[in-house]
Amino acid sequence: MMSNLIIREERTEDFHGTELMTMRSFWNKFHPGCTEHNMVRIIRESKDYLPQISRVAEYDGKIVGAVFYTKAWIDDGSVKREVAMLGPLAVEPTMEGNGIGGALIKETVRLAKEERISEIILAGEPGYYPKFGFKPCSDYGITDADGNSYDAYLCCPLSEEFNLCRGKFLESGDFSKIDDEKLLEKISGEFPKYRKVKVQEGFMQIFEQRLGVVESVQGDTYNVRYWELVIPAKLSENLESKPKAGSDVQFIWNHKGESKITRVIKNLLEE
């Protein structure tokens with residue numbers, strides 16, 4: 001983690017910066033655009049918001065990360081036990097690889113223990129959260145509200161009381177507002193207009209890779225534009241077709257070594 005990174009409570013003057021950073025963090029990750037900036041605003045206004053364990057990360061006076069928590073419940077059919085739901089966890093995309101997300105998780109898990117919260121539950125990257133003590137919900141007999149289990153459903157036991165938690169995971173009812181198109185359009189109008197990319201029909205999941213545009217080619221090095229950064233990358237060995245300047249690509253950003261372009265994509269919104 002960066003030595004001068006500050007983890008603290010969010011202030012009113014941070015709201016716009018936090019929402020913009022969250023928007024950038026999730027842009028085009030699951031579908032064209034995103035709704036997570038709208039989620040942040042809804043959470044703040046919710047009666048189920050847990051500001052006492054939610055935190056932002058500040059670096060050089062700028063919000064570069066944030067994690068929000070809300071009340072959630074595990075319902076076994078006879079008893080509903082209150083737990084905490086983590087999400088969203090957002091990191092400024094140009095600052096990825098600096099341990100910001102990990103610092104936010106560690107600090108807020110500590111705060112949750114102090115608040116005597118029995119468990120944290122989330123839907124997120126199954127390859128990322130286990131290093132912080134999260135395990136599959138299916139290991140503990142916890143499903144979604146419809147009784148289904150997914151690899152992305154994870155939980156972090158924090159007390160002995162957690163052993164009593166079995167059943168269906170129920171999130172705050174306020175999350176039903178997240179996909180309100182009028183509300184989303186209104187809040188999105190407060191921020192810069194970013195290009196939307198549609199990689200495939202239906203749900204897409206860009207977790208461990210990134211979407212970028214080849215800005216220039218120098219020999220076997222492809223300079224990929226990723227937000228305000230230009231990242232030099234090589235082609236992966238199993239790439240089916242070579243990109244050129246202007247090509248949309250999917251790539252692995254190796255912060256400590258060689259980045260690799262893994263796929264040339266077509267933006268279905270521009271065909």
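FYI, it's all coordinate maths here, none of it is from the lab. As the structure is a computational prediction, the values presented were derived from the model and not from experiment. Counting neighbours? That spans all protein chains shown, and the Cβs are built from the backbone with ideal geometry, glycine included.
Stokes-Einstein diffusion for region 152-215, with the hydrodynamic radius set to the Kirkwood value over Cα pairs and evaluated at 20 °C in a medium of 1.002 mPa s, equals 128 µm²/s. Using every pair of alpha-carbon atoms in region 1-127, split the distances into 10 Å bins beginning at 0 and state the percent of pairs per bin, rounded to integers. The calculated distribution, bin by bin, is 13, 45, 34, 8, 1.
Calculate the length of the line joining the C-alpha centroid of region 72-121 to that of region 199-257, in whole Å. Between the Cα centre of region 72-121 and that of region 199-257, the gap is 31 Å. When the chain is treated as a Gaussian network with alpha carbon springs shorter than 10 Å, the biggest mean-square fluctuation among Ser216, Ser241, Ser78 belongs to Ser78.
Please count, across region 6-188, the pairs of lysine residues with Cα atoms under 12 Å apart that sit 8 or more places apart or on different chains. Display every interim value, and only then the final one.
On the way: Lys47/Lys71; Lys71/Lys80; Lys80/Lys168; Lys106/Lys131.
The result is 4.
In the frame of its principal axes, region 19-79 has Cα extents of 48, 30, 17 Å, reported largest first. Sparsely packed loop sites in region 1-103 (the chymotrypsin sites (Phe, Trp or Tyr not before Pro) outside DSSP H, G, I, E and B with at most 16 other Cβ atoms within 10 Å) comprise Phe30. If only the Cβ of Lys and Arg carry +1 and only the Cβ of Asp and Glu carry -1, the dipole of region 86-222 around its Cα centre is close to 120 debye. Sorted largest first, the principal axis extents computed over the alpha-carbon atoms of the chain equal 63, 40, 39 Å. Taking Cα centre as origin and charging only the Cβ of basic (Lys, Arg, +1) and acidic (Asp, Glu, -1) residues, the dipole magnitude of the chain rounds to 460 debye.
Between Leu111, Leu229, Leu184, the residue with the greatest mean-square fluctuation in the GNM of the chain (Cα pairs under 10 Å linked by springs) is Leu229. For the residues Val197, Val40, Val217, a GNM of the chain with alpha-carbon springs under 10 Å puts the largest fluctuation on Val217.
Just to confirm the filter: which GluC sites (Glu not before Pro) across region 105-163 are DSSP coil and have at most 15 other Cβ within 10 angstrom of their Cβ? Passing both the DSSP loop test and the Cβ count: Glu115. What share of the DSSP beta bridges in the chain is antiparallel, in percent to the nearest 5? Percentage antiparallel, nearest 5: 85. Rg/Rh for region 166-262 (Cα atoms only, Rh after Kirkwood) is 1.11. Length, then width, then depth: along the principal axes, the Cα atoms of region 103-232 run 59, 39, 30 Å. Annotation note: chymotrypsin sites (Phe, Trp or Tyr not before Pro) in region 194-261 located in DSSP loop regions with a Cβ neighbour count of at most 16 within 10 Å are Tyr194, Phe203, Phe207, Trp227. Based on alpha-carbon atoms, the Kirkwood radius and the radius of gyration of region 210-270 give Rg/Rh equal to 0.93.
Reported value for region 82-150: 104 Å³ per residue, from the convex hull of its C-alpha atoms.
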